[in-house]
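What follows is a set of notes on a single structure, which appears directly below.
Every read-out reported here was derived from the displayed coordinates using simple, explicitly stated rules and does not represent laboratory data. As the structure is a computational prediction, the values presented were derived from the model and not from experiment. Here Cβ is always computed from backbone atoms with ideal geometry, including for glycine, and neighbour counts include all displayed protein chains.
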Amino acid sequence: MRAEEGSGRMDVVIVGAGPTGLTLACALTAHGVAVRVVDRATGPSHTSRANILHARGVEVLARVGAVDGLREQALAPIGMKMHAHGRVLATMRFAPDPSESVQALFVSQAAIESALRCRLSRLGVEVEWDTPVTAAEQDAGGVTVTLGFDTSVRADWLVGCDGAHSTVRDLAGIGFPGVPVVERFLLADVHADWNRDRSTSASWFHPDGLLLAMPMRGAEGSPEDLWRLMADVPADDEHLDPGQIVARFERLLPERAGQDHVRIRDAVWTSVFRVQRRLADDYRSGRILLAGDAAHIHSPIGGQGMNTGIGDAENLAWKLALVVHGRASEALLDTYTAERRPLAVEVLRSTTMNTRILVGTGPVARFLRDRVFVPLLNQPGVQRRATRTASQLWATYRAGPLGGRGRAPRPGDRIPDRPCTRHDGTPTRLHAELNPLWVLLAPRGHDTDLEATDAVARKHLGADVIALHAHTALDRILLVRPDGHLAWRGRDPADLQRSLSRVLLGQRK
Ligand SMILES: Cc1cc2nc3c(=O)[nH]c(=O)nc-3n(C[C@H](O)[C@H](O)[C@H](O)COP(=O)(O)OP(=O)(O)OC[C@H]3O[C@@H](n4cnc5c(N)ncnc54)[C@H](O)[C@@H]3O)c2cc1C
């Protein structure tokens with residue numbers, strides 16, 4: 001750990017112990033960075049906004065060591081039956097990519113946060129609850145962060161993972177422009193007597209709006225009767241309390257879905273929210289950075305928010321660690337915005353489009369939805385594409401500042417997991433070794449090249465490098481970043497030297 005013991009000064013203060021802040025804290029701590037994680041809530045949340053973690057998020061959690069136990073808590077993969085005019089228009093199924101070793105997990109956000117907190121605790125860091133950040137001032141040497149009213153802490157870096165209404169974003173003066181997409185959604189997680197198949201979710205398209213029902217897993221040992229209900233309703237000024245929200249769903253179930261025999265017993269969580277699409281103008285202002293919902297918000301349809309935030313955290317962690325350890329210049333942090341913001345633009349675009357199609361306001365939009373778009377989801381090829389899009393396994397940074405040209409895989413591309421062998425001959429997998437480590441992946445029989453490139457990589461990256469032999473054919477040595485993307489591809493150690501000098505220190509030669 002770098003920050004001096006007892007000085008009270010931290011390398012990084014992370015604001016927010018949601019999935020983004022916790023992932024960042026785990027990854028930074030594993031990289032040897034001293035962090036404090038503060039959250040204004042009085043304790044962990046037991047209710048969940050997200051219920052699906054798509055494949056890329058699962059991959060990141062595995063790399064930060066927080067996936068154990070989650071698979072046991074997950075529901076079996078569920079598809080969605082889509083209804084309109086009293087019949088099923090399509091049954092959308094998740095079609096996992098057989099070439100990938102990682103699949104989505106249907107598990108609650110509360111369970112994911114709990115797994116991350118356990119991992120962080122094992123790394124020696126506890127979340128400080130009831131600790132709101134109220135002010136922050138940065139200067140050339142660091143950031144002074146005010147916790148509550150009268151306590152302050154000095155840190156080299158401050159990262160706002162404090163959600164959609166981010167205080168840190170406001171304190172940094174970073175704009176968050178955007179527009180509303182749906183004026184009002186009602187949500188209720190309810191225990192209900194409902195004689196309905198729990199192996200699929202369901203949606204009903206009705207001229208008055210959309211109704212969604214998704215099976216959820218309740219507390220351990222409780223009956224399998226927990227459902228998430230969601231519906232878009234016209235915006236009005238009426239304030240709805242939890243009882244009124246449940247009463248609305250009791251009306252909407254027969255009206256929109258023809259479901260007359262549902263008896264809602266109680267609600268675990270209710271919410272009324274407006275769906276907005278907003279994106280931070282920048283993810284960095286000097287020593288202050290943003291990640292997760294603090295940087296981007298969009299429709300929950302498609303389950304992309306937590307996935308994107310967790311991906312931000314992993315991308316930022318290794319870069320911030322190199323800067324903190326004095327191995328890279330601060331300019332490396334600008335590549336964080338340059339790589340992650342375009343991905344968020346794409347996520348905002350696709351989630352907005354899908355939400356507009358599903359909510360379908362106006363007769364033409366509804367006609368296209370019911371006759372064209374939704375029936376297409378019956379087709380296996382479309383299902384495979386939709387699953388791939390949601391997975392975020394497609395993410396590449398090849399067009400960004402650390403990207404490269406030439407044959408695939410190009411610098412910036414994600415390198416899928418694969419079996420490998422360590423120097424001593426023991427078997428392992430690429431992704432099991434990554435984060436905090438970088439991996440040099442070499443074809444068999446290239447030991448001399450590997451030794452020379454290993455020496456160059458260690459000179460720049462320190463001890464966090466491991467050399468592995470690939471089982472599959474490779475024509476070049478690959479240097480894989482801790483977040484699973486390709487940093488460099490080649491054979492010539494001098495070329496690696498130039499590449500790392502450029503990436504880490506901004507040197508051209
Ligand atoms: C209905 C719904 C369903 C969703 N379903 C999915 C899904 O299936 N899959 C998916 O990937 N995403 C989903 N999302 C989105 C997902 O919930 C969010 O993207 C995710 O919670 C963002 O995580 P975060 O850590 O960035 O922020 P948050 O989870 O919002 O965490 C922010 C934390 O910061 C703390 N905080 C705020 N201000 C301060 C302050 N000043 N000082 C200290 N602490 C502070 C808060 O207490 C909170 O703990 C859904 C969202 C909704 C609304």
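Brief remarks follow.
- Segments 218-227, 449-458 sorted - mean Cβ within 10 Å per residue, highest first: 449-458, 218-227
- Computed label-point distance, nm, for sites His165 and Val382 using a 7 Å Cα→Cβ extension: 3.9
- Cα point-scatterer Debye curve for the stretch 140-272, base-10 log of I(q)/I(0) at q = 0.13, 0.18 Å⁻¹: -0.71, -0.97
- Distance between modelled label sites at Thr144 and Asp424, nm, 7 Å Cα→Cβ extension: 5.1
- At R0 = 25 Å, FRET efficiency that the Cβ-Cβ distance of Thr448 and Cys118 yields, to 0.05: 0.05
- Dipole of the stretch 400-469 computed with +1 at Lys/Arg Cβ and -1 at Asp/Glu Cβ about the Cα centre; of His469, Ala432, Gly412, farthest Cα towards the positive end is Gly412.
- Basic side chains Lys and Arg get +1 at the Cβ, acidic Asp and Glu get -1 at the Cβ, and with that the dipole of the chain about its Cα centre reaches some 1920 debye.
- Approximate spin-label separation His261-Glu183, in nm, with each point projected 7 Å along Cα-to-Cβ: 3.7
- Nearest 10 degrees, 0 to 90: helix 447-461 Cα axis against the chain principal axis: 80
- The value of relative contact order for the chain, using C-alpha pairs under 8 Å at least six residues apart, is 16 percent.
- Stokes-Einstein diffusion coefficient of the chain, Kirkwood radius over Cα pairs, 10 °C, 1.306 mPa s, in µm²/s: 66
- Sparse packing (at most 16 other Cβ atoms within 10 Å of the Cβ) combined with a DSSP loop state is found for the following trypsin sites (Lys or Arg not before Pro) in the stretch 344-410: Arg405, Arg407.
- Sparsely packed trypsin sites (Lys or Arg not before Pro) within the stretch 412-443, loop by DSSP, other Cβ within 10 Å at most 15: Arg422
- Tilt relative to the chain, helix 109-122 - C-alpha long axis, 0 to 90 degrees, to 10: 30
- With both residues required to sit in the chain, DSSP beta bridges show an antiparallel share near 75%.
- Reference-scaled alpha-carbon Rg (2.2 N^0.38 Å with N residues) for the stretch 419-505: 0.98
- Treating each Cα of the stretch 464-504 as one equal point scatterer and applying the Debye formula with no solvent, the log10 of I(q)/I(0) at q = 0.21, 0.33 Å⁻¹ comes out as -0.74, -1.34.
- Taking the longest Cα principal axis of the chain as reference, the axis of helix 305-324 is set at about 20 degrees.
- Here the sum of -39500 (n - 2.57) over DSSP H runs of 4 or more residues, divided by the residues of the chain, equals -10000 deg cm²/dmol at 222 nm, to the nearest 500.
- DSSP bridge pairs, the stretch 419-505: antiparallel proportion in percent, nearest 5: 65
- Paired Rg and Dmax values of the stretch 57-215, which use every Cα atom, in angstrom: 21.6, 65
- Projection of the Cα convex hull of the stretch 95-148, averaged over all directions and equal to a quarter of that hull's surface, yields 7.5 nm².
- At 0.890 mPa s and 25 °C, Stokes D of the stretch 197-271 from Kirkwood alpha-carbon radius, µm² per second: 183
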